[in-house]
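Every number in this text was worked out from the coordinates using simple rules, so none of it is lab data. A quick note: this is a predicted structure, and the numbers were derived from the prediction, not measured. Note: ideal-geometry Cβ built from the backbone for every residue, glycine included; neighbour counts use all protein chains shown.
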Amino acid sequence: MKRDIYKVILKKIKQYDTIVLARHIGPDPDAICSQIALRDAILEMFPHKKVFAVGASVSKFKKYGNLDKVDVATLKKVLLITLDVPNFYRIDGIEGLDYQEVIKIDHHPFEEDFKGIEWIMESACSTCQMVTEFLLKIHYHFSEKVASNLFLGIVSDSDRFLLSYTTVETFEIVTELLKRSKIDFPKLYEKLYERPIEEVRFHGYLSDHLTVTDNGFAYVKISQSVIEEMKVDSSTASNMINDFNYIKDVLVWTFVTYDAKNEIYKVNIRSKGPIINEIASKYRGGGHKYASGVRTPNEADIDLLLRDLDEACKEYKNNVLKEVN
């Protein structure tokens, strides 16, 4: 299927005059950048089409480009392209959309069939890697803004190529992207990693308040009052989760933030061994084996989730690590 998937997707894009691109709720740079980059690339290739990137706007991600303000319920004969989301209920901004066909482009493990074209590539470090591969295969001539967003999405989701699902293919695709676009990639790192002083101080707060159990599970709960006092927003912690990769003896680490505006708890989970996406799925979350998340309005779910993650660390230490040692 992968050999022909590029032609299949391009054929569908050519077929529809109206295309909606959507990603998961609570987006990260990979989700936003893949969505905006593919929208812009389609518009550059087919300027007479109506192409919309939808979902809630996130102020800190406006530097990657603007989302489209459109009443999707008024659109007719629509092709829906979903990016970076494995389960349908987590798609943002498509309420009332009467789409005719759907294309899923995603690098997470399979969770749900969207009843359309499914291009899933778990070996990809990011959805931006997949979009870049697609555009390379169809011989798209990269504009600076499209290439920049794709590069930033790849760098962000691979944590600067440090995570285990960064492959030789990732580097080959990035190399080809740089060759064809001539973007000033060192300059782009500033766009990705520059932070206001409030976020730097908040990073220190996370370090100071991290609880670590005897089983190697680390977590911190961040209340709305802390968010307000430190002058950050409820999504700030999620952008710092990978900064805690290298704490000795910590197997799994979790940030829990309460989003008062949406009355929901946002949970980011990372692992250096125990499989966590199966635990996250119990609480209507999901993701990769070692990088997952949960959103729940129920405070009781948080304590149960933390307990399950601590137990997973205990089992991993008693079984896997003992065998290795």
**OP:** Using θ = phi - 60° and the Karplus relation 6.51 cos²θ - 1.76 cosθ + 1.60, list the HN-Hα couplings for the stretch 29-41 in order, rounded to whole Hz, with x at every Gly or Pro.
**Re:** x, 4, 5, 5, 5, 5, 5, 5, 5, 5, 4, 5, 5
Original post:
Is the shape of the stretch 163-246 rounded, prolate or oblate, going by the alpha carbon gyration tensor and its root eigenvalues a ≥ b ≥ c, with a/c under 1.5 for rounded and a/b larger than b/c for prolate?
Top reply: oblate
**OP:** Just need the relative contact order of the stretch 120-222 here, percent rounded to a whole number, with Cα pairs under 8 Å and 6+ apart.
**Re:** 28 percent
Original post:
So what J values fall out for the stretch 230-240 if you push phi through Karplus, 6.51 cos²θ - 1.76 cosθ + 1.60 with θ = phi - 60°, rounded to Hz, Gly and Pro as x?
Top reply: 8, 6, 10, 10, 5, 9, 4, 4, 4, 7, 10
Original post:
For Rg and Dmax of the Cα atoms in Å, which listed value, [x] 19.9, 62; [y] 19.0, 62; [z] 19.4, 58, comes from the coordinates shown?
Top reply: [x]
Original post:
By its C-alpha gyration tensor, with a ≥ b ≥ c as the square roots of the eigenvalues, how is the stretch 102-235 shaped: rounded for a/c under 1.5, else prolate for a/b larger than b/c, else oblate?
Top reply: prolate
Original post:
How would you classify the stretch 170-325 from its alpha-carbon gyration tensor, with a ≥ b ≥ c the square roots of the eigenvalues: rounded for a/c under 1.5, else prolate if a/b is greater than b/c, otherwise oblate?
Top reply: oblate
Subject >> In sequence order, calculated HN-Hα J values of the stretch 147-156 (Karplus, 6.51, -1.76, 1.60; Hz; x Gly/Pro) >> reply: 4, 4, 5, 5, 4, 5, x, 5, 4, 5
Original post:
From a point 7 Å beyond the Cα of His139 in the direction of its Cβ, which residues of the stretch 40-66 have a backbone N at a distance under 20 Å?
Top reply: 41-47
Subject >> Computed log₁₀ I(q)/I(0) - Debye formula, equal Cα scatterers, no solvent, the stretch 1-115, q 0.18, 0.22 Å⁻¹ >> reply: -0.92, -1.40
**OP:** Report, to the nearest 10°, how far helix 168-181 tilts away from the longest principal axis of the Cα atoms in the chain, using its own Cα long axis and a range of 0 to 90°.
**Re:** 50 degrees
Original post:
Got the relative contact order for the chain handy, in percent, Cα pairs under 8 Å and 6 or more residues apart?
Top reply: 12 percent
**OP:** Would you mind checking the tilt of helix 197-208 against the longest principal axis of the Cα atoms of the chain, expressed as 0 to 90 degrees and rounded to 10?
**Re:** 40 degrees
**OP:** Could you give the C-alpha radius of gyration of the stretch 2-192 expressed as a fraction of 2.2 N^0.38 Å, taking N as the number of residues it contains?
**Re:** 0.94
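Counting DSSP beta bridges with both partners in the chain, what percentage is antiparallel, nearest 5?
Details: 19 of 45 bridges.
Within the chain, antiparallel bridges account for around 40 percent of the total.
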Subject >> Residue list for the stretch 147-162, given a label point 7 angstrom along the Cα-to-Cβ vector of Tyr193 and an amide N cut-off under 19 Å >> reply: 148-162
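With an 8 Å cut-off on Cα pairs and a minimum separation of 6 or more residues, tell me the relative contact order of the stretch 198-324 in percent.
Numbers: 207 pairs, mean separation 26.5, N = 127.
Dividing the mean separation by the residue count of the stretch 198-324 yields 21 percent.
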Subject >> Between 0 and 90°, nearest 10: helix 299-316 axis offset from the chain longest Cα axis >> reply: 80 degrees
